[in-house]
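Here's the structure, in C-alpha cells; my notes come after.
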Amino acid sequence: MSYFVTGATGFIGRHLVEQLLKRDGDIHVLVREGSRGKLDELIQRWNAEPGRIVPVVGELTEPRLGVSDDDVARMKESGVRHFFHLAAIYDMTADDERNEKLNVDGTRNAVTLANEIEAGVLHHVSSIAAAGLHKGLFREDHFDEGQKLPSAYHRTKFESEKIAREESTVPWRVYRPAIVVGNSETGEMDKIDGPYYFFKLLQKLRGWFPEWMPLVAPEMGYTNVVPVDYVAKAMDHIAHTPDLDGQAFHLTNPKSQRSGEVMNEFAKAAHAPQTGLRIDNRILQSLPKGALSMVMQAPPLKDARRALLADLGIPEEVIEYVGLTAQFDTRDTERALKGTGIEVPDLETYAWRLWDYYERHLDPDLYRDHSFEAAVNGKRVLITGGSSGIGAAAAKKIAAAGGIPLLVARGIEKLEEIKTEIESDGGTAYVYSADLADMDSLDELVEKVRSEHPVVDILINNAGRSIRRSIALSYERFHDFERTMQLNYFGAIRLTMNLLPHMTERKSGHVIQISSIGAQTNPPRFSAYVASKAALDAWTRVVGSEVIGDNVHFTTIHMQLVKTPMIAPTKIYDAFPTITPDEAADLICEAIRTKPKTINTRLGTFGEVLYALAPKAVDQILHTAYKVFPDSAAASGKQDPNEKASMEQIAMANLMKGVHW
C-alpha cells in the first residue's frame, strides 16, 4: 500500500504526513522542482526512514498535475491506496484568478491524476467555506443547498468539492475543516490567518488598558476554530476506516463558539483586557436596510476604516466574514472517531500556546527594521527645553543613534555644555537660544534654523511650565494662567505652525507633543498646567487629522511624573514614585521609532475612560486627593525646610503612580 499527497509541505499537509508515517507504506509527495529543498528539510524533521518519502515532481496548475508518464506508471504499479488532495489556496484576500487557478483547476488536475492511477480512494480536503452563507445547521450530507457564495474563495471551495464529487471515477471522501489554528501541543502555526489577524489588536489593547479593565465590543456572531493536530489525526483515522466512501466529514468543533468568547480566550493568554459586555450584532442589523452600509461608504469613513485596519494588519476582506452564518453538524465525524480519543480540545487549554508561538515567531514586528537607529539616523530633530531634563536626555539618545539634535532653550551656556558632551561622544548637535514664550523670538528661531538646515524632520515640543496651586490661592494670580498658556500652548503651536508648511510641502514630518498624564486624570491644583496641556492635546488632534494625508504625523506623549527641576519646588514629590529624565527620553525615542498617535500609561487611559463613564464619582475621588495633598509652601510664596510627604500621601502616590498630585 502507498499514498499520494498534494500540499504535503503545507501546514495541514505536513501534519498529515507525520501521521501517515506511523503506518506502513511509501508516501508519494507532489513537489515543485524549486521546492525540493523545503521537502528535504521536512523529511529530516519527520525523521522518515530513507526511501519512504518519494518526491514526485509536478505542478498544481498543470494538466494531470504535470506528473510525468514514468511517475504515473510507477504509482499505478505500486498501487496508491489513498490519494490525499490538500494543495489549495486558503486565503480570503486572494483575487478571483488565483482562487480559480489553484482551487478549481488544481482540483480538476488532481482528480484527473487520481483517476488515471486508479487510486483506491480520493480524499479531498475542502472547507466549511463551501457552505457559503447558508443559514442554520449545515449537515455533513449537505452540499448544494442553494447557499450564497459571496466571494471567490467561497465559490472556488464549493466548485472544487463539486469536481471531486462528480468527476472522480474512484471512490471519494471529503473533509471540511473549520478555521484551522496552530498545533494545540506546540502552538506551531505557519501564517497569520483567522483569529490571528486580531492578535495585533490584542497587543495594542494590552498596551492601552490594564488587564483587569472590562471592555465593550460588538459580538460578531459564531465562529469555529480547530487545532491543526486534531484535523490531521481525524483525517488520518477516518481515511483508514472502511465503508465511509461517498461521505463528507466536518472537522469542526461540535459546538460553535461565539467570536467574542474566542477572542476573550486569546486576550486572557495575551494578558490583555477582555470584553465584559458584547453588543449583539443584530442591533446594527435592525437599522433601516442599507443605512449602515451607505454611511460606511462615505469617503471619510472608508478611509478611516481602511487606515485603522491597515494599522492593525487586518485585511478588509476578512472583516466581512468574521461571523459564520451556519453551524456545522459533526455526527458522522464523531461516529467515525468514537473510541479513538481524537477530539477537539477546549480552546482554553491551548490558547496560551498559540499566543506564545505568535509572539515568538509570527508577529510581523519581529521581521521589520523597526530599530530606533533606522528611524532617526540622519534626521534633524528640533528639541525645545533641550538644556536639561527630558530634552537633554532625549538629545543624547538621538545623537548616539545618528540623529542630529537641534537644541533650543533660553540659556545658551547650558546648551553648549550638552552640545560638547554629544560631540565628545562622536555625535553632532546644534544649539539655539530663544524665548519660547515670545512669539517674535520663535519666528526668529525658525528663520535661523531654516537658513542653516535643509529640513527639520522631527519637532519635539518639550519645553513647558508647571504650576501647582489650588484655585483658592490663584484668585489674585491670573498671570499664572497667562504665562503657563503662553509657553505650553501658544509657544508650542506657534513653533509647530512655523514648521508645518515645510513638512506638508515635503510630504514628510513628525511632531511630538510632550503632554501630561494630568490632561487625562485632571488632578487638583493643576488647573493652569492641565488646561494648557489639554488645549495642546485638542489642537493636536484637530490638526493631526488635517495633515495626515500629507504624511505628517503627530504623537502626543502623556508623560507621567518625571524627576526634573520643574517639580523641585514641591518637596513632597521627593518621596513620590517618578520616572527619570532618561526613562522619559526613552518614550520620546519610542515615539520617533513607531510614530503612534499617543503614548499613554494604563492609569492615564483608565482615568479618561472612568471620567467618561462616571464623572461625578471621579470628582469625589479627586476631591479626596485634594484633601490628602495640600498646597505646598512654595504655592503660598513661602519656604518650609521641614516640608515632607506623609505616609498617607506616599501610599496614595504609589497607588496612582505617576499622577501629579
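The values are calculated or read from the model by the stated rules, or taken from the named source; none is laboratory data. These numbers were taken from a predicted model, which means no experiment stands behind them. Cβ placement follows ideal geometry from the backbone for every residue including glycine, while neighbour counts extend to all protein chains displayed.
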- Query: Of the residues that make up region 365-380, is at least one buried (at least 16 other Cβ atoms within 10 Å of the Cβ), in the same structural domain as THR428 (by TED's automatic domain parsing) and not in a helix (DSSP H, G or I)?
  - Reply: yes
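Conditions tested, residue by residue: (1) assigned to a helix (DSSP H, G or I); (2) modelled with pLDDT under 70; (3) in the same structural domain as HIS502 (by TED's automatic domain parsing).
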{"site": "MET566", "(1), (2), (3)": "yes, yes, yes"}
{"site": "GLU583", "(1), (2), (3)": "yes, no, yes"}
{"site": "GLN620", "(1), (2), (3)": "yes, no, yes"}
{"site": "ALA625", "(1), (2), (3)": "yes, no, yes"}
{"site": "ALA635", "(1), (2), (3)": "yes, yes, yes"}
{"site": "LYS638", "(1), (2), (3)": "no, yes, yes"}
{"site": "GLU643", "(1), (2), (3)": "no, yes, yes"}
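Matching residues to (1) within 22 Å of THR61 (Cβ to Cβ); (2) touching a residue at least 40 places away in the same chain (Cβ under 8 Å):
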site	(1), (2)
TYR90	yes, yes
ASP96	yes, yes
ARG108	yes, yes
VAL111	yes, yes
ILE117	yes, yes
HIS124	yes, yes
GLU145	no, no
LYS162	yes, no
- Item | Residue in region 15-25 that is part of a loop (DSSP other than H, G, I, E, B), surrounded by 15 or more Cβ atoms within 10 Å (Cβ to Cβ) and in the same structural domain as MET189 (by TED's automatic domain parsing) present | yes
- in contact with a strand residue (DSSP E or B) (Cβ under 7 Å, 6 or more places away or on another chain) and under 30 Å from ASP193 (Cβ atoms), is that true of LEU354? yes
- Among the residues of region 509-519, how many are touching a Ser or Thr at 6+ places or on another chain (Cβ under 7 Å) and either without any contact (Cβ under 8 Å) to a residue 24 or more places away in the chain or within 30 Å of GLN620 (Cβ to Cβ) (or both)? 2
- Can you tell me which of GLY341, GLY391, GLY385 is at positive phi and either surrounded by 14 or more Cβ atoms within 10 Å (Cβ to Cβ) or in the same structural domain as VAL511 (by TED's automatic domain parsing) (or both)? GLY385
- Just to be sure, is GLU482 in a helix (DSSP H, G or I), under 26 Å from LEU561 (Cβ atoms) and not aliphatic (A, V, I, L, M)? yes
- For region 59-140, please list each of the helices (runs of 4 or more DSSP H) lying entirely inside it that holds at least 3 residues being among the small types (Gly, Ala, Ser), in contact with a Lys or Arg (Cβ under 8 Å, 6 or more places away or on another chain) and not assigned by TED's automatic domain parsing to the domain that holds LYS233. none
- Query: Within region 131-166, can you find the residues that are of a type in the set (Lys, Arg), more than 18 Å from ILE179 (Cβ to Cβ) and touching a helix residue (DSSP H, G or I) at 6+ places or on another chain (Cβ under 9 Å)?
  - Reply: ARG139, LYS148, ARG155, LYS162
- Output yes when any residue across region 492-500 is closer than 23 Å to LEU610 by Cβ, surrounded by 20 or more Cβ atoms within 10 Å (Cβ to Cβ), assigned by TED's automatic domain parsing to the domain that holds VAL376 and touching a helix residue (DSSP H, G or I) at 6+ places or on another chain (Cβ under 9 Å), and no when none is. no
- Message: Testing TRP539 on (1) in contact with a Gly (Cβ under 8 Å, 6 or more places away or on another chain); (2) touching a residue at least 24 places away in the same chain (Cβ under 8 Å); (3) in a helix (DSSP H, G or I), one condition comes back false. Which one is that?
- Response: (1)
- Of the residues that sit in region 452-474 and are in contact with a strand residue (DSSP E or B) (Cβ under 8 Å, 6 or more places away or on another chain) and not in a loop (DSSP other than H, G, I, E, B), which one is surrounded by the fewest Cβ atoms within 10 Å (Cβ to Cβ)? GLU452
- Subset tally (residues that are farther than 15 Å from ASP582 by Cβ and in contact with a Ser or Thr (Cβ under 7 Å, 6 or more places away or on another chain)) for region 384-406: 1
- Message: Among the residues in region 166-177, are any closer than 25 Å to LEU30 by Cβ, at pLDDT below 95 and surrounded by fewer than 22 Cβ atoms within 10 Å (Cβ to Cβ)?
- Response: no
- Residue list for region 397-435, restricted to those being in contact with a strand residue (DSSP E or B) (Cβ under 7 Å, 6 or more places away or on another chain), surrounded by fewer than 22 Cβ atoms within 10 Å (Cβ to Cβ) and either touching a residue at least 60 places away in the same chain (Cβ under 8 Å) or in a loop (DSSP other than H, G, I, E, B) (or both): ARG410, THR428
- Message: Conditions first: (1) modelled with pLDDT under 90; (2) crowded, with 19+ Cβ neighbours inside 10 Å. GLY221 passes all but one, so which condition is the exception?
- Response: (2)
- What are the residues in region 596-618 that are touching a strand residue (DSSP E or B) at 6+ places or on another chain (Cβ under 8 Å) and either assigned to a helix (DSSP H, G or I) or surrounded by fewer than 16 Cβ atoms within 10 Å (Cβ to Cβ) (or both), if any? LYS597, GLY604
- Test: MET503 is surrounded by fewer than 22 Cβ atoms within 10 Å (Cβ to Cβ) and in a helix (DSSP H, G or I): no
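Given the criteria closer than 30 Å to PRO630 by Cβ, assigned to a helix (DSSP H, G or I), more than 32 Å from the chain's Cα centre (by Cα) and free of Cβ contacts under 8 Å to residues at least 24 places away in the same chain, does GLU447 qualify?
no
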- Enumeration of residues in region 159-204 that are assigned to a helix (DSSP H, G or I), closer than 24 Å to GLN327 by Cβ and in contact with a Phe, Trp or Tyr (Cβ under 8 Å, 6 or more places away or on another chain): GLU161, LYS162, ALA164, ARG165, PRO195, TYR196, PHE198
